[in-house]
1. Accessible area per residue of the chain at 1.4 Å probe, in Å²?
2. When Lys and Arg each count +1 and Asp and Glu each count -1, what net charge do the other residues less than 10 Å away from P29, Cβ to Cβ, add up to?
3. Antiparallel versus total DSSP beta bridges in the chain: what percent is that, nearest 5?
4. Whole-Hz ³J(HN,Hα) for each residue in segment 38-55, computed from phi via Karplus 6.51 cos²θ - 1.76 cosθ + 1.60 with θ = phi - 60°, x for glycine and proline: what do you get?
5. So which residue, out of G97, G62, G28, gets the largest mean-square fluctuation from a GNM of the chain using Cα contacts under 10 Å as springs?
6. Longer than 24 Å from Cα to Cα, which of K33/K145; K37/K64; K30/K53; K18/K113 are they? Say none if no pair is.
7. Stick to the Cα atoms of the chain, pair each with every other, and give me the Kirkwood hydrodynamic radius in Å at one decimal.
8. Run the dipole for the chain about the Cα centre, Lys and Arg Cβ at +1, Asp and Glu Cβ at -1, nothing else charged, and hand back the magnitude in debye, nearest 20.
Amino acid sequence: LVVVVILAVLAVGLFLDKAIKTGVETIGPKVTKVDIKLQSVSLSLLSGGGTIKGLVVGNPAGFKSPSAINVGEATLALTPSSLLSDKIIIKTIKVQGPEITYETNLKDSNLSKIVANMQEVTGVGQKEPAKPQEPAQPKEAKPAKKLEVDEFIITGGKIHVSVTALNGGTATVPLPDIHLK
């Protein structure tokens, strides 16, 4: 029984990485309406750590730069037992080499278009039409899970700004390292 459990955990670990990568590259474009590529995913269920490498979020139609967001590597370390408690404890989130391209034509921007696409698909953040008032029925309130992040680090980031009305001139601004505890 112990051997079967160990083999099951190993099998899940091996297939989970590929499933996450496939999910990001399949569902992500349906939600954002832009291409999304991910070089690799590595997740460890036992240690509570994970790494993604080479995340590229494309640009919406009508924008000239090849991508809106590039992330070289992002790692996460959490306390696995906290997933079953009322408070999820994330020890570290570290993002290395993020590059964000903000492209605007002075009417719209690539990033706001991606957010609008996500809101359109998910319905989150959109105003709903007024509904007739119905008597409120009591619901059992489930307390929301709390989230604790002990350390958040961004290093080696760059922000590219491109204004298409100025013949696509681009300025690059280095993002200072961010370290929040």
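The values are calculated or read from the model by the stated rules, or taken from the named source; none is laboratory data. Computed from a predicted model, the values in this text were never measured in an experiment. Methodologically, a virtual Cβ is constructed for each residue, glycine included, from the backbone with ideal geometry; neighbour enumeration extends over all protein chains shown. Ligands, DNA and RNA are excluded from the accessible area calculation, which covers all protein heavy atoms including side chains. Shrake-Rupley method; radii C 1.70, N 1.55, O 1.52, S 1.80 Å.
1. Value returned for the chain: 70 Å² of accessible area per residue.
2. +1
3. Looking only at bridges with both residues in the chain, the antiparallel portion is about 70 percent.
4. 9, 5, 7, 10, 9, 10, 10, 5, 6, 8, x, x, x, 9, 10, 10, x, 7
5. Result for the chain, Cα springs under 10 Å: G62 fluctuates most.
6. The pairs that break the limit, which is 24 Å between Cα atoms, are K33/K145; K18/K113.
7. Result for the chain, one decimal place: 19.5 Å.
8. Here the size comes out at about 140 debye.
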